[in-house]
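Before any comments, here is the structure.
The values are calculated or read from the model by the stated rules, or taken from the named source; none is laboratory data. As the structure is a prediction and not an experimental result, all values here were calculated from the model. For neighbour counting, all protein chains shown are included, and Cβ atoms are generated from backbone atoms with ideal geometry for every residue, glycine included. We work out accessible area using only protein heavy atoms, side chains counted, and drop any ligands, DNA or RNA first. Shrake-Rupley method; radii C 1.70, N 1.55, O 1.52, S 1.80 Å.
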Amino acid sequence: MLRSLVGSEMCIRDRYQRRVRGHHPSTMAGGTSDPHRKNVLVMGAGFFGVFMAFNTAQSLQSTLNTIPNLGNACLATLYATFTVVCLAGPLVVDKWGPRISMIAGALAYVLMVLSNLKPSWGLSIPAYFLVGLGAPLLWTGQAVYLSRCANYSAGRELQAQTDAGETPVLMELVKSKMEEYNGYFFSFFQANGALGLLMASCIQLETDNVQFLFIILSAICACGVAIISFGIPNVDNVSLEELAEASTESTSRRLFRDADLDGTGKLTRAEWVAKFGSEEGFDAADANKDGYIQEQEFVKANDEVGFCAQLLGTLRFGLTQPKLYLYIPIMLYNGMSLTFMFSDYGRYLVAEALGHKKVGFVMSFFYACNLVATILAGKALIRRSLLITLASICHIIFFVGVLLLRPWMLDSGGSVFANSSGNNEYSRYALDNGKNGGDWQHYGNDAPSSVWVLTFLFALIFALGDAVWESQIPAVLGGYFPTGKENSLQAANYKMWQSLGFALMFGIDTFFPDVASGEDHKTNEPKPYHNINDLFFVKVLLLLGGLVVSIVCIWYAHTSMPGGNLNTEENDVAPETEKLHSVVDQK
């Protein structure tokens, strides 16, 4: 028995080292560079191109699209489809691999940007539907690919520190790399919006020909797809056990010596729970008489399960894992709040206060601030728990400020919830859907400098908070579920709940247009009043409530869930983690 265990251990270590060398020759302890960081940066460059085009088109839908309600209907279709197809994302990524899945998903974005050359209900809705099909493949593939790169990089650092006589814990290294790589990736991701919207705004100032803008964006999107297709290699999956085995010969000996094995040489579920305190890691560490369950056997068993059962398994995973379902409120909130920023803030505050041609400049500033904040958040300069607290405070200030100051910023003569002055003043800028063919009309004086400053200040405050939600929440979840199928399931759940938040917010305007802020869809006249019945204010109050619920859930997971501590350096090492992932050589 001992001989078979030792032989299995050597086999696993050799297989891992061959795999690492096969992909990246310098990833072992002697390497001087980290090619996995390079892979993440190149992937980020590809996403930069794809989403420079997509985010610019999305952010300007509510102001450039003159067909009533088409922009919101397109985006509601996209995110509703995205939400449903996320259930199948892990299955496709498991079959195709993360790189091929990203390529297939990205191609749909090129078609969507091209559809804006001649928007119509018959062309735009199907194009956005295709993006809803491709987005889960793109984003699930991205999360899995990034996690694999982080795991390999953590294994490389693990070996280096072990050879230097240190005693690192593998899970801490993995979580640290996840945080670092998410910071790199989302820095690229946020930069696309800043440059794309700045470019779009400059073009709008020179010409009203939006087709010229979307031709340029389509070319940029195609370049991003090419980078993803040809710029990054395939990266195989690697388990934490393989990483630990590759770094020291004694780990598995201690594991099997300390564990109670039955007569067949296999850990039962009851024995695993009794020994390690929970079922977490049972499948990964379950050993047969020859050593470990082969990956091929697991895949074959998975294939025998019905397709519908596997789809439901994705949803069930999100609803049954405490460290995942407690983050569902913040995932929903993140999608809903971003929708508010891209659509409602731009359309019903910036456009009506400064003019619709200024929306791109404000949104570009938002993305630039988000970029800088994302980079700083990934540096781990302060504890993650403090970061999330500060992000929550920023968003509370943003929504309360918008709620109180919007009527004054629009020069509408109204108070917070109603036009108490009784005069029928329009907003400074208003969209006239009836008399002038959907053109924006200017009423009253130009915006004073104080309104300009406040508009950009609100964008800054929102960006500071959103940078934390966008970069740290995926890093937290990736640290909770770092490898294998669990990693792809958590990634699919993250994008599914986030996209559901997008779909709900866009759907409100689509299905309730008569009470949407800004226009009266029955008379095609601008509304002079700003009261509590307007969806703009309803959305603000809804988001404030959602933020409070999200904070409570995150804080409960942080303070009460085993292994749920947000601060990597303070995470209590769970019993199974300590057994499986400690790399202290106790020879």
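Out of 494, 429, report the one residue that is among the hydroxyl-bearing types (Ser, Thr, Tyr), modelled with pLDDT of 85 or more and open to solvent by 10 Å² or more (accessible area, probe 1.4 Å).
Working: 429 fails: modelled with pLDDT of 85 or more.
After applying the criteria, what remains is 494.
Under the condition of being within 26 Å of residue 545 (Cβ to Cβ) and surrounded by fewer than 23 Cβ atoms within 10 Å (Cβ to Cβ), the residues counted in region 350-383 number 1.
Taking each residue of region 359-372 that is closer than 23 Å to residue 182 by Cβ and looking for partners that are charged (D, E, K, R) with beta-carbon atoms closer than 8 Å, six or more apart or interchain, yields 370/466; 370/470.
Every condition in (1) in contact with a helix residue (DSSP H, G or I) (Cβ under 6 Å, 6 or more places away or on another chain); (2) modelled with pLDDT under 50 is met by residue 584 except one, and the failing one is (1). Residues in region 183-214 that are of a type in the set (S, T, N, Q) and either at pLDDT 80 or above or under 17 Å from residue 363 (Cβ atoms) (or both): 190, 192, 201, 204, 211.
When you scan region 105-144, how many residues do you find that are more than 20 Å from residue 214 (Cβ to Cβ) and not hydrophobic (A, V, I, L, M, F, W, C)?
Our first condition is that a residue be more than 20 Å from residue 214 (Cβ to Cβ); within region 105-144, this holds for 105, 133, 136-144.
Right, trim to not hydrophobic (A, V, I, L, M, F, W, C) and you get 105, 136, 140-142.
The total comes to 5.
Tally time: how many residues in region 369-422 are β-branched (Val, Ile, Thr), in a loop (DSSP other than H, G, I, E, B) and modelled with pLDDT of 85 or more? Outline the logic, then answer.
Step one: list which residues in region 369-422 are β-branched (Val, Ile, Thr), which gives 372, 374-375, 382, 388-389, 393, 396-397, 400, 402, 416.
If we keep only those that are in a loop (DSSP other than H, G, I, E, B) too, we end up with 382, 416.
Then drop every residue that is not modelled with pLDDT of 85 or more, which leaves none.
Selection size over region 369-422: 0.
Return the residue satisfying two criteria in turn: it lies in region 109-160 and is of a type outside the set (Ser, Thr, Tyr) and outside any helix (DSSP H, G or I), and of such residues it is nearest to the chain's Cα centre (by Cα). Going through the qualifying residues, I end up with 116.
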